[in-house]
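A.B. asks: Before anything else, here's the structure in question.
A short reminder: the numbers here are calculations on the coordinates, not readings from a lab. Predicted model, so just to flag it, every value in this text is computed and none were measured. Here the Cβ positions follow ideal geometry from the backbone for every residue, glycine too, while neighbour counts run over all protein chains shown.
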Amino acid sequence: TNINMSDVQSFRSAFGLPTNNPTVVLNGTDPGIVSQGELGEATLDVEWSGAVARKANVMLVVSASTSASDGVDLSAQYIVNKNLAPVMTTSFGLCEAAMYSSGNQFWNALWQQAAAQGISAMISSGDSGAAGCDASSATKASYGTGVNGLCSSPSSTCVGGTQFQDSSNPGLYWSATNTPGTSGSALSYIPEAA
């Protein structure tokens, strides 16, 4: 999916970051905004990579899905084949078991190529932990343990996998209001668990 540049500009303004619009690189036809879910993931990647590296030249590669390949696959392949950047992030995922051997082989080979070229591939571990093969709305895991297949290769880095352990005393860690200028609300380090 493509993004709304105004969302990124509002994000950067709200957090006091310098103006630094990402570059949108179209790999073929612009698919526009595909869905709100995909828009959220693409915007999340662009905003937070630009917040962590506030002066970096952030690029978003956008590829329309085809009948044979998902746009995420095509964008990742484009980035690696064109050697566009030393670090790339992917906030999408799919259950490793659902990718079958061909999908897993594709991602493993692509991340091996990226590593050989000096590209660090950082992929989201997902929002469901070990229940990555279940729907996000599931109340319990039904399909066994599973990981995001996009980051199951030893040639990529799976980012995430922790959650805050703050529910016993949230007031110890969170302010009731946000700090003007930064919108920060954390009072101290918040314990985490895998």
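A.B. asks: Taking the stretch 4-89, which trypsin sites (Lys or Arg not before Pro) meet the DSSP loop condition and have no more than 11 other C-beta atoms within 10 Å?
C.D. replies: Passing sites in the stretch 4-89 are Lys55.
A.B. asks: Let me ask something else. Could you give the size of the charge dipole of the stretch 4-60 about its Cα centre, using +1 on the Cβ of each K and R and -1 on the Cβ of each D and E, expressed in debye and rounded to the nearest 20?
C.D. replies: Using Cβ point charges on Lys, Arg, Asp and Glu, the stretch 4-60 gives about 340 debye.
A.B. asks: What cysteines in the chain have no other cysteine with a beta carbon less than 4.7 Å from their beta carbon?
C.D. replies: Among the cysteines of the chain, none has its Cβ 4.7 Å or more from every other.
A.B. asks: Please report, in debye to the nearest 20, how large the charge dipole of the chain is about its Cα centre when each Lys and Arg carries +1 at its beta carbon and each Asp and Glu carries -1 there.
C.D. replies: The calculated dipole for the chain is roughly 420 debye.
A.B. asks: Taking each pair of different alpha-carbon atoms in the stretch 114-194 once, compute 1/r for the pair, average those values, and report the inverse of that mean as the Kirkwood hydrodynamic radius in Å to one decimal.
C.D. replies: Every distinct Cα pair counted, the radius reaches 15.5 Å.
A.B. asks: I've got another one for you. Within the P(r) computed for the stretch 89-135, what percentage of the Cα pairs occupies the region above 15 Å?
C.D. replies: Values: 570 of 1081 pairs.
When all Cα pairs of the stretch 89-135 are counted, 53 percent exceed 15 Å.
A.B. asks: Specify which labelled value, from (i) 51, 20, 17; (ii) 28, 24, 16; (iii) 31, 18, 17, agrees with semi-axes √(5λ) of the Cα gyration tensor in Å derived from the coordinates of the model shown.
C.D. replies: (ii)
A.B. asks: Only bridges with both residues in the chain count here: give the DSSP antiparallel percent, nearest 5.
C.D. replies: 25
A.B. asks: Based on the Cβ-Cβ distance from Thr29 to Ser175, what FRET efficiency comes out when R0 is 45 Å, to the nearest 0.05?
C.D. replies: 0.45
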